[in-house]
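The values are calculated or read from the model by the stated rules, or taken from the named source; none is laboratory data. Please read all numbers here as calculations on a predicted model, not as lab measurements. Here the Cβ positions follow ideal geometry from the backbone for every residue, glycine too, while neighbour counts run over all protein chains shown. Ligands, DNA and RNA are stripped out before the accessible areas are found, and what is left, the full protein with its side chains, is counted by its heavy atoms. Shrake-Rupley method; radii C 1.70, N 1.55, O 1.52, S 1.80 Å.
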Amino acid sequence: MAVKMLPKKMAGAILPGNSSVEMKEFDVPKPGHGQVLIQTKATTICGSDIRCIYREHVGKGPEGYIPGMVAGHEPCGLIVEEGEGLRRFKKGDRVIVYHISGCGVCNDCRRGYYISCKSKFRQAYGWQRNGGMAPYILAEEKDLIALPDELTYKDGAQVACGFGTVYEAIEKIGISGNDAVLVTGLGPVGLAALMLAKALGANQLIGVEMNDYRIDLAKKLGLVDHVFKPGENTLDEILEVTKGHGVERAIDASANDAGRQLAIRATREWGKIAFVGEGGTCTFNPSPDIIHGQKTIYGSWVTSLWRMEELVERLVRWNIHPEDLITDEFSIERAGEAYKLMAGGQCGKVAVVFGSQDER
């Protein structure tokens, strides 16, 4: 059998910060010790890419984008070349890239939370090192999560950030068949929250969203029992469908002050709330809103390596596919269209896909 030669050059998408995408030529990298070269199969676009990079470069620290880096921090693909010293993964393995490469030796990294690594050696794919908006991506073996055969590459790209983030929040607040669940903000992260809450058996699913497209998408996918637009009467509407009690669990994915207030006030006594949406503010009255109701608010930022591994195992067991939230797909040559659509919000999740999704 003839050996398939890898190309020497590739085109990758970079984000100048003026609501545009530029294509730039890069060398196809060679993996060093402890590294692999991955043939990218799918990379999805995250809201943080739009918020911090696409429109303008406003991110600092962990969210600081180095101009000229290949964008895309939600990649999934196939290992096509091995560096020396690999301990687990090999050529031919299907993998998700956990999108932060931590130093590996600080306390946060040893807990599996590369996202919280504060070392100068921390680099996020698509931010401070080249990401998944190119046909090949160089990754550290320690950053990889095995993609089960039952899941698609597009499923894996969704897990790389959005679904992993939501799963972490859900595990913090705990969701089961005992619970009515409210999700404020039904962008891709909010829709993922509903999908996972449904899989966990939540007995009532309530969404709040102002975008008609995303309201219709949530209904079409069967992810909500009730969905309301934000307004003066939204809290009363939620209380009405919960028989005056409110929900046991709430997740805010809106990053909006009013959305966060609603998540808090629509949660019943002893309930739990997770804030997942990035940015914005929150104004509430501690005594009536939190203290007197014995409520708990959790902040939740991405997830850990071990929880992401646990999530892919459970996705197979639950027989659910995160790719169901992908409404639009583009080739890398049309990356500009993909980012523009995602920035406009008239979509679910947007993916850039590469070549055959069945190739192994």
- Expected field for residue 356, accessible surface area in Å² at 1.4 Å probe radius, rounded to 10, holds 60 Å²
- Query: Quick one: length gained pulling residue 80 to residue 316 fully straight, 0.36 nm per residue minus the C-alpha distance?
  - Reply: 82.5 nm
- In the structure shown, of 24/220; 30/120; 60/272; 154/229; 9/60; 8/118, the pairs separated by more than 28 angstrom at the C-alpha atoms are 24/220; 60/272; 154/229; 9/60; 8/118
- Task: Compute the FRET efficiency between residue 337 and residue 306 as 1/(1 + (r/R0)^6), taking r as their Cβ-Cβ distance and R0 = 25 Å, and round to the nearest 0.05.
- Result: 0.10
- Query: Which of 199, 71, 134 moves the most in a Gaussian network model of the chain with Cα springs under 10 Å?
  - Reply: 199
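Would you please put 102-112, 40-50 in order of how densely packed they are, using the mean number of other Cβ atoms within 10 angstrom per residue and starting with the highest?
Numbers: 102-112: 16.0, 40-50: 26.5.
My ranking of the peptides, most packed first, is 40-50, 102-112.
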- Message: Just want the answer: with Cβ charges of +1 for Lys and Arg and -1 for Asp and Glu, which residue in 68, 159, 311 is farthest toward the dipole's positive end in the chain?
- Response: 68
- Message: I'd like the distance separating the alpha-carbon centroids of the stretch 35-61 and the stretch 259-282, in whole Å.
- Response: 27 Å
- Have a look at 325, 221, 151 and tell me which one the Gaussian network model of the chain (Cα, springs below 10 Å) gives the largest fluctuation. 221
- Item | Calculated from backbone phi, Karplus (6.51, -1.76, 1.60) coupling profile of the stretch 155-170 in Hz, x at Gly/Pro | 4, x, 4, 5, 5, 3, 9, x, 5, x, 4, 5, 4, 4, 4, 5
- Item | Spin-label pair residue 60/residue 176, simplified geometry with 7 Å Cα→Cβ offset, distance in nm | 4.3 nm
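What FRET efficiency do you get for residue 281 and residue 221 if R0 is 30 Å and r is their Cβ-Cβ distance, rounded to the nearest 0.05? Walk me through the numbers before you get to the answer.
Working: r = 31 Å, r/R0 = 1.02.
Calculated transfer efficiency: 0.45.
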- Tilt of helix 188-199 relative to the longest C-alpha principal axis of the chain, in degrees (0 to 90, nearest 10)? 70 degrees
- With a sphere of radius 14 Å drawn around the Cβ of residue 287, what net charge do the other residues whose Cβ falls strictly inside it have (Lys, Arg +1; Asp, Glu -1)? 0
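Using the Cβ atoms and a cut-off under 9 Å, what net charge is assigned to the surroundings of residue 338, where Lys and Arg are +1 and Asp and Glu are -1?
On the way: positive: 334, 340; negative: 328, 329, 337.
Spelling it out: positives minus negatives among the neighbours equals -1.
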- Item | Helix 335-344 vs. the chain, principal-axis angle (Cα, 0 to 90°, nearest 10) | 10 degrees
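To the nearest 20 debye, what charge dipole does the chain have about its Cα centre, counting +1 at the Cβ of each Lys and Arg and -1 at the Cβ of each Asp and Glu? Before the final figure, lay out each step's value.
Values: 42 positive and 46 negative charges, 174 e Å.
Result for the chain is approximately 840 debye, rounded to the nearest 20.
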- Item | Most positive-pole-ward Cα, 352, 39, 274, against dipole of the chain from beta carbon charges | 39
- Query: Short version: ³J(HN,Hα) in whole Hz for each residue of the stretch 48-64, in order, from phi by Karplus 6.51 cos²θ - 1.76 cosθ + 1.60 (θ = phi - 60°), x for Gly and Pro, what are they?
  - Reply: 5, 4, 5, 5, 10, 10, 4, 6, 6, 7, 9, x, 10, x, x, 9, x
- Message: Modelling each spin label as a point 7 Å along the Cα-to-Cβ direction, I'd like the residue 30/residue 291 distance in nm, to one decimal.
- Response: 6.5 nm
- Message: Checking the cross-link filter: which aspartates and glutamates have an alpha carbon closer than 16 Å to that of residue 4, excluding same-chain neighbours under 8 positions apart?
- Response: 81, 82, 359
